[in-house]
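> Here it is, the structure, as structure tokens.
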Amino acid sequence: MRIVVECKQPNRSDGLKQLSIYLNLIPSVEIGVWFNGKDHLYLRKAFDDGRITWKEIPDIPKHGERVADIGLYKRKDLQTPNNLKVVFNDIRNHLAGSATGITRDEAIAQQIINILFCKLYDEINTAPDENVKFRAGIDEDKIDVRTRIENLFTKVKQDYDDVFDEEDSIKLDDDSLIYVVGELQKYCIISAERDALGDAFEVFIGPALRGGEGQFFTPRNVVKMVVRILDPDPGEYVIDPACGSGGFLIVALEYVWDKIEEEGKRKNWSQELIVQKKKDISNKYFFGIDKDSFLAKVTKAYMAIIGDGRGGVFCENSLFSPLDWQKRLSIV
């Protein structure tokens, strides 16, 4: 299969127009790609009663794949992503310029958290030989895609009711939702390296924090340096009283988990025991507090994505007396 690529036109509408001209001039080519260095689109040429029709599609076929096969992925066929940050940058650039009804960075970040959890839930709960539900196929009705993703999100809210509220919903318009699903559907997110996932996560969360309150991420290399200086051991409490988006908690948790891995190798523990000890450590010894409800929610989501500990994250003002905190926050 041959594909035409247009990369001279700087904006989406001009790129779409130029790409359709090229495809019109080359009868044997069915698929075209426009890319401007930040955003992209995939265009398919088809014929309806002798008339050329154009339709944006969520992805391009892999080697040996038909156009009709796009989106029909089995769980075992999902790819381990090499650079999620690039993928997430593409998604953010697209949503920032094209999403209808959602323009603020915080709103975009929240929607990506919602959709990312749908993706993770589907990966965890789909057998290797089953087709994934998190997908957008060629010529599939937009309502069918939305219904499938919203059904996943209903289950997500039930399983992660401490992260999501009942009124949380998928608010992206149909075209934007299909775009995001199309960009993510071929990857296995849970197999990504934690650092890669963290970098990608910050693509969305970072801009949402750069508002009037001057909230910024501590650079990851600084966070790692501080954690190495602290050198926390398994069984020691780690509490961040202004946890923000959870950067220090995540890096400290990974640091302690590495020590558990090393101990497990020395003592010849089973992998099941190592996993259980990691879970116990994250749930019992790691705590974060932030007065910003959005950031507390982001940290809960981030902790859940990398392996839990979300139950120790609370929205409170750590400068106030603990007597003024909600009763459930009694860990200190």
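> State whether the residues of the range 167-188 include one that is farther than 25 Å from LYS85 by Cα and outside any loop (DSSP other than H, G, I, E, B). Working first, answer last.
Filtering the range 167-188 for residues farther than 25 Å from LYS85 by Cα gives 167-168.
From what's left, outside any loop (DSSP other than H, G, I, E, B): none.
No, there is no match, as no residue in the range 167-188 is farther than 25 Å from LYS85 by Cα and outside any loop (DSSP other than H, G, I, E, B).
> Here's a follow-up. Within the set of pairs 6+ apart or on separate chains, which have a first residue in the range 144-162 that is free of Cβ contacts under 8 Å to residues at least 12 places away in the same chain, a second that is surrounded by 15 or more Cβ atoms within 10 Å (Cβ to Cβ), and C-beta atoms under 6 Å apart?
Pairs that qualify, where the first residue is free of Cβ contacts under 8 Å to residues at least 12 places away in the same chain and the partner is surrounded by 15 or more Cβ atoms within 10 Å (Cβ to Cβ), are LYS157/PHE164.
> Let me ask something else. Determine, yes or no, whether THR53 is surrounded by 13 or more Cβ atoms within 10 Å (Cβ to Cβ), among the hydroxyl-bearing types (Ser, Thr, Tyr) and at pLDDT 75 or above.
Values: surrounded by 13 or more Cβ atoms within 10 Å (Cβ to Cβ): no; among the hydroxyl-bearing types (Ser, Thr, Tyr): yes; at pLDDT 75 or above: yes.
Taking the combined requirement at face value, the residue does not satisfy it.
> Tell me yes or no: at least one residue of the range 29-39 is more than 27 Å from the chain's Cα centre (by Cα) and surrounded by fewer than 16 Cβ atoms within 10 Å (Cβ to Cβ).
Within the range 29-39 (the criterion being more than 27 Å from the chain's Cα centre (by Cα) and surrounded by fewer than 16 Cβ atoms within 10 Å (Cβ to Cβ)), the answer is yes, since at least one residue qualifies.
> Something else now. Conditions first: (1) open to solvent by 20 Å² or more (accessible area, probe 1.4 Å); (2) at pLDDT below 90. GLY198 passes all but one, so which condition is the exception?
So the condition that GLY198 fails would be (1).
> Looking for something touching a Ser or Thr at 6+ places or on another chain (Cβ under 9 Å), part of a helix (DSSP H, G or I), closer than 15 Å to PHE117 by Cβ and open to solvent by 40 Å² or more (accessible area, probe 1.4 Å) - is there at least one such residue anywhere in the range 148-165?
Looking only at the range 148-165, we keep the residues that are touching a Ser or Thr at 6+ places or on another chain (Cβ under 9 Å), and these are 150, 153.
Going one step further and asking which of them are part of a helix (DSSP H, G or I), we end up with 150, 153.
From the residues that got through so far, the ones that are closer than 15 Å to PHE117 by Cβ too are 150, 153.
Applying the additional criterion that residues be open to solvent by 40 Å² or more (accessible area, probe 1.4 Å) yields 150.
Yes - at least one qualifying residue is present in the range 148-165.
> Only one of these is modelled with pLDDT of 90 or more, closer than 24 Å to GLU56 by Cβ and of a type in the set (A, V, I, L, M, F, W, C): VAL226, VAL181. Name it. Give the steps one after another, and end with the answer.
Details: VAL226 fails: closer than 24 Å to GLU56 by Cβ.
Checking each option against the conditions leaves just VAL181.
A quick yes/no check of all residues on (1) open to solvent by 30 Å² or more (accessible area, probe 1.4 Å); (2) at positive phi:
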{"position": "LEU230", "(1), (2)": "yes, no"}
{"position": "PRO241", "(1), (2)": "yes, no"}
{"position": "GLY246", "(1), (2)": "no, yes"}
{"position": "LYS265", "(1), (2)": "yes, no"}
{"position": "LYS278", "(1), (2)": "yes, no"}
{"position": "ILE306", "(1), (2)": "no, no"}
{"position": "SER318", "(1), (2)": "yes, no"}
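Condition check ((1) within 21 Å of VAL181 (Cα to Cα); (2) open to solvent by 50 Å² or more (accessible area, probe 1.4 Å); (3) in a loop (DSSP other than H, G, I, E, B); (4) in contact with a helix residue (DSSP H, G or I) (Cβ under 7 Å, 6 or more places away or on another chain)) across all residues:
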{"position": "ASP14", "(1), (2), (3), (4)": "no, yes, no, no"}
{"position": "PRO27", "(1), (2), (3), (4)": "no, yes, yes, no"}
{"position": "TYR42", "(1), (2), (3), (4)": "yes, no, no, no"}
{"position": "PHE47", "(1), (2), (3), (4)": "no, yes, no, no"}
{"position": "LYS62", "(1), (2), (3), (4)": "yes, yes, yes, no"}
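The values are calculated or read from the model by the stated rules, or taken from the named source; none is laboratory data. These figures come from a predicted structure and were not determined experimentally. Positions of Cβ are backbone-derived with ideal geometry, glycine not excepted, and every protein chain shown enters the neighbour counts. Protein only, heavy atoms only, side chains kept; ligands, DNA and RNA dropped before computing areas. Shrake-Rupley method; radii C 1.70, N 1.55, O 1.52, S 1.80 Å.
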